[in-house]
1. Taking Asp77 as meeting all but one of (1) at positive phi; (2) at pLDDT below 95, write down the number of the exception.
2. Among the strands (runs of 3 or more DSSP E) confined wholly to segment 19-92, which include 2 or more residues that are open to solvent by less than 80 Å² (accessible area, probe 1.4 Å) and without any contact (Cβ under 8 Å) to a residue 60 or more places away in the chain?
3. What single numbered condition from (1) in contact with a strand residue (DSSP E or B) (Cβ under 9 Å, 6 or more places away or on another chain); (2) modelled with pLDDT under 90; (3) small (Gly, Ala, Ser); (4) part of a helix (DSSP H, G or I) fails to hold for Ser164?
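The values are calculated or read from the model by the stated rules, or taken from the named source; none is laboratory data. This one's a predicted model, so the numbers in the text were calculated from it and none came from an experiment. Neighbour counts are summed over all protein chains in view; Cβ atoms, including those assigned to glycine, are modelled from backbone coordinates with ideal geometry. Calculation scope for accessible area: heavy atoms of the full protein, side chains included, ligands and nucleic acids excluded. Shrake-Rupley method; radii C 1.70, N 1.55, O 1.52, S 1.80 Å.
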Amino acid sequence: MAKTKILFLEHQPCIRALKYAQGFKNKFGDEIEVFFAYLSRTLTEFYGYGDELFKEFIKLDRKNTGRDIKDTVRDYDIDLIHNHNASDFLTESAIKSASSMPIIHDNHDVLSLRKTRYGIASVEPEDLKTLETERFVNEQSDGRIYVSKGLNRYVQQKYKVDPSTIFSQ
């Protein structure tokens, strides 16, 4: 039986990625291989452990994320991409560079809810791009995961999201 290969994308790893990887290993053993493409640090560099749960870590070039994601999907024969948001641009890069690949966008939070430099209180050009990227990935991902019912409701009210593509509430 062929192994399922999942590529996690994150700026830097979060503890939730570690929990997913541990859950996959506990439930599916060697049937699922999880790869991790990142911009900053690995789990072990950040938390002191966790790299052992992943098949491989792939450092992405911030200026060429689309190319690197496309190459990683090809080189490792990836079956599914899973990105944890904040930031959303890695999901956007995946959608634009690996369009035939199923892409899940895992929303921990949405930046449009924040009243900080990165949220709705700001009109800086980079913040407008951040909000456009948030809309794009929530509308264009093949599947979505939200950490709460409230976040789920907020995103469904704000964007055109197909409710049948939401995996959790």
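1. With respect to (1) at positive phi; (2) at pLDDT below 95, Asp77 is out only on (2).
2. Details: elements: 32-38, 56-59, 80-84.
Result: 32-38, 56-59.
3. (1)
A quick yes/no check of all residues on (1) at pLDDT below 90; (2) part of a loop (DSSP other than H, G, I, E, B); (3) at positive phi:
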| residue | (1), (2), (3) |
| --- | --- |
| Lys96 | no, no, no |
| Ile104 | no, no, no |
| Tyr118 | yes, yes, no |
| Leu128 | yes, no, no |
| Leu131 | yes, no, no |
| Asn138 | no, no, no |
| Lys160 | no, yes, no |
